[in-house]
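Q: Encoded as structure tokens, here's the structure I'll be asking about.
The values are calculated or read from the model by the stated rules, or taken from the named source; none is laboratory data. Since the structure is predicted, the reported quantities are computational estimates derived from the model, not experimental observations. When we count neighbours, we look across all protein chains shown, and the Cβ atoms used for this are built from the backbone with ideal geometry, even at glycine.
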Amino acid sequence: MERSECFSEDQLESYLRREHSEAEIPGFEEHLVVCRACRLNLLGRQHDPIHAVDGFRLPDKVKREVGRMPNKSSFLGRWPQAPAFAIAALLLIVITAGGLWRFTHKTETQNANGDVLRAAGKRQTHLRVVSPAENAVVAAPTLELKWTPEADAIRYTVVLLDESGDIAHQAETTLNHLLIDTEQAQLQAEKKYFWRVRAKLTDGTESATTPAAFYISRK
């Protein structure tokens, strides 16, 4: 199963609940290996019993790709020796970006027409990470997390993940900010972490932010 478009929230949750057939799972995981957007969207949900079957673990071939970013210097250095690979990689980026744009455009159009979007990932949401932003460097020992509030949120669950996709820290709050002692949470300096927020809403659904990466500086 080859795909150029990203998976919806419903499709990701079906994968976590193992509702796919055995024949579909390999193709699903092949897309996760090459698609960073879908991979990161999956991370904060794999440990939540609401979404995942008991004992679910992200496959090693997917976990190895978490947080991996292209190296510009090595990529350009290999360009003369491997033009076909470079062109294929560029086409993959274009196709994936096009799929994300079509999904976002479709969702915005449905909302503009007045459709009631209930399912997670299909409803209109104002939930966004504010600080630390993508690839920000924060000073130890206090990590302050901020996000935009959801008007109908009952509570927020803040999840910090390491580069392997494992939960490094998790907390709940009714506010739209959270202070974390990096030493108590055992977060290490100069390591890459991801953070995201999930909001439990009054209608029983959830909304979630896209994960953002950050680093902790030394004292």
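Q: I'd like the full set of residues that are surrounded by 13 or more Cβ atoms within 10 Å (Cβ to Cβ) and among the hydroxyl-bearing types (Ser, Thr, Tyr), limited to the stretch 164-219.
A: 164, 173, 182, 193, 205, 207, 209, 210, 215
Q: Tell me, please, whether a residue that is modelled with pLDDT under 55, among the small types (Gly, Ala, Ser) and surrounded by 19 or more Cβ atoms within 10 Å (Cβ to Cβ) can be found in the stretch 110-117.
A: no
Q: Now, a different point. Six or more apart or on different chains, Cβ under 7 Å: which pairs go from a residue in the stretch 170-182 that's assigned to a loop (DSSP other than H, G, I, E, B) to one that's of a type in the set (A, V, I, L, M, F, W, C) and modelled with pLDDT of 95 or more? Could you list them?
A: From residues that are assigned to a loop (DSSP other than H, G, I, E, B), the pairs are 176/147.
Q: For the stretch 193-204, which residues satisfy the criterion of being in contact with a strand residue (DSSP E or B) (Cβ under 9 Å, 6 or more places away or on another chain) and not in a strand (DSSP E or B)?
A: Narrowing the stretch 193-204 to residues in contact with a strand residue (DSSP E or B) (Cβ under 9 Å, 6 or more places away or on another chain): 193-202.
Residue satisfying the conditions is 202 alone.
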